[in-house]
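Have a look at the structure below before the remarks.
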Amino acid sequence: MLPGMRGRHSSTELIKPRLALVGAGNLARALAASLPGAGYTIDVIVSRRQAASLRRARRLAGKVGASAVVVGGAQIHAEVVWFCVPDSAIPGAAAALKEAADWQGKVALHSSGALTSDELSVLRQRGAAVASVHPLMTFVRASQPPLAGVPFAIEGDRKAVQAARAIVQNMSGQPFAIRKLDKGAYHAWGMFASPLLTALLAAGERIAAAAGVPREGAKKRVLPILRQTLANYAALGAAESFSGPIARGDVETVRKHLRVLRAIPGTREVYIALARAALRDLPAKNRAALEKILKL
């Protein structure tokens, strides 16, 4: 039986564990929006002492009927403790809370995509089962995406992995196993999927400006082709979705692009890197000629 899942009237009817969230940032807000609907009670939101952090914790706690406490005064009774803090803060937060609970039998989770469950080893040493549980999703302050359908990469101690999988499934997420040694590559993949894609779009806005299209206009005008590209990728895969001058082997058009981009700092290098990746991974004509002009 998982921690906190105590029988009510029969051996098959179980109570879901209570949770404590450490941190009140973007991920914690998303979890707080999804967990109650999945039947979970959030007991407490643990915050740093800084006034702004405590205000965020109190606001979030008020939405879910929890208490907001600072690290130094926390007393945690929940069966599952989910650390929603920046990667660099995970070991320190775990160490700061090692006296806040009897960790024997509890589950401690963190949500770093790059770091392993071993970041919570100080709590493992005190009897907790630990795991890393990373949602493959982007979280920003002004947006709160639903967690239904979101993949969660999970690794760690067996008991904690079982608890995490159950929580994710009850939120209608999609849990999957990741090996510790693969987390670096996994997180780099996630970087390509969202943050670096956003960086590419920002570079595109500067190129649009050089074409006389202001930033807001560029964002509006580029959305249809972005949506169709993603729809094609989802339905057809990368190779069948690839179009444009490299796919056609149009050397002169690529040469013109490279010439124009010299006047827009940094964009030529991005173009060349992505064009080379396209030649390596995607169908293209006139490869030899394109490779020649794409040499820096």
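The values are calculated or read from the model by the stated rules, or taken from the named source; none is laboratory data. A quick note: this is a predicted structure, and the numbers were derived from the prediction, not measured. Positions of Cβ are generated from backbone atoms using ideal geometry, with glycine treated the same way; all protein chains shown enter the neighbour counts.
Couple of notes before you dig in:
- Residue within region 132-147 that is without any contact (Cβ under 8 Å) to a residue 60 or more places away in the chain, in contact with a helix residue (DSSP H, G or I) (Cβ under 6 Å, 6 or more places away or on another chain), of a type outside the set (V, I, T) and surrounded by 20 or more Cβ atoms within 10 Å (Cβ to Cβ) present: yes
- Filtering region 226-238 for residues that are of a type outside the set (A, V, I, L, M), at pLDDT 95 or above and over 24 Å from A193 (Cα atoms) leaves an empty set.
- The one condition from (1) surrounded by 19 or more Cβ atoms within 10 Å (Cβ to Cβ); (2) more than 19 Å from A153 (Cα to Cα); (3) modelled with pLDDT of 95 or more that G92 does not meet is (1).
- S112 vs. criteria modelled with pLDDT of 95 or more and crowded, with 17+ Cβ neighbours inside 10 Å: yes
- Close pairs from region 104-120: first over 15 Å from P86 (Cβ atoms) and free of Cβ contacts under 8 Å to residues at least 60 places away in the same chain, partner in a loop (DSSP other than H, G, I, E, B) and not acidic (D, E), Cβ under 8 Å, at least 6 apart: Q104/R126; Q104/G127; Q104/A128; A108/A128
- I225 more than 14 Å from the chain's Cα centre (by Cα) and either on the phi < 0 side of the Ramachandran plot or of a type in the set (V, I, T) (or both): yes
- Only a single criterion out of (1) over 25 Å from the mean Cα position of the chain (by Cα); (2) among the polar types (S, T, N, Q); (3) part of a helix (DSSP H, G or I) is not satisfied by S243, namely (3).
- E252 being of a type outside the set (A, V, I, L, M), within 15 Å of L290 (Cβ to Cβ) and free of Cβ contacts under 8 Å to residues at least 24 places away in the same chain: yes
- All conditions in (1) under 27 Å from A100 (Cβ atoms); (2) without any contact (Cβ under 8 Å) to a residue 40 or more places away in the chain; (3) out of contact with any helix residue (DSSP H, G or I) (no Cβ under 8 Å at 6 or more places or on another chain) hold for A164, with the sole exception of (2).
- Strands (runs of 3 or more DSSP E) contained in region 64-153 and holding at least 2 residues closer than 26 Å to G190 by Cα: 80-83, 107-110, 129-135
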